[in-house]
Amino acid sequence: MLNHLDILNVRHHDVCMRTTLTLDDDLARRLRELARSTDSNFKDVVNDAIRKGLSLGQRPPADQERFVVRAKACGFRPGVDPTKLTQLYDDLEMEDLRGEGGYGVHEP
């Protein structure tokens with residue numbers, strides 16, 4: 001048997017993670033009370049609370065007006081020739097390939 005990770009060896013993907021979590025005192029107290037009142041263990045209560053919180057997402061309130069972007073034709077800045085944009089792109093790509101542009105310098 002091979003001792004390395006392999007896409008075909010999925011047994012390593014079902015491992016539970018153990019970590020240290022620092023909770024504020026008021027949250028820890030509420031979670032302990034909830035565990036006692038529901039006759040659940042602390043770990044299950046914390047996991048359930050996190051799952052519920054993550055499922056809520058960051059949705060805006062229902063009564064909030066929807067944000068709409070209104071497009072406005074502004075044209076190009078003075079000095080920019082829209083007929084030569086492809087040439088500009090080609091020049092920048094060549095600089096990148098030569099390592100002159102500082103974008104994605106390729107090592108030989």
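Below are the figures for this structure:
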{"item": "Stretchable slack from Ala73 to Met94, in nm (0.36 nm times residue separation minus alpha-carbon distance)", "result": "4.5 nm"}
{"item": "Residues with amide H under 5 Å from that of Gly99, placed H, sequence gap 5 or more", "result": "His106"}
{"item": "For Glu65, Glu93, order by how many other beta-carbon atoms lie within 10 Å, fewest first", "result": "Glu65, Glu93"}
{"item": "Per-residue HN-Hα couplings for the range 44-56 [Karplus 6.51, -1.76, 1.60; θ = phi - 60°; Hz; x = Gly/Pro]", "result": "5, 5, 5, 4, 5, 5, 5, 4, 4, x, 5, 6, 6"}
{"item": "Pairwise label distance in nanometres, Phe42 with Leu85, each label 7 Å out on the Cα-Cβ vector", "result": "5.9 nm"}
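A short reminder: the numbers here are calculations on the coordinates, not readings from a lab. These numbers come from a predicted model, not from an experiment. Ideal geometry is used to build each Cβ from the backbone, glycine not excepted, and the neighbour counts take in all protein chains shown.
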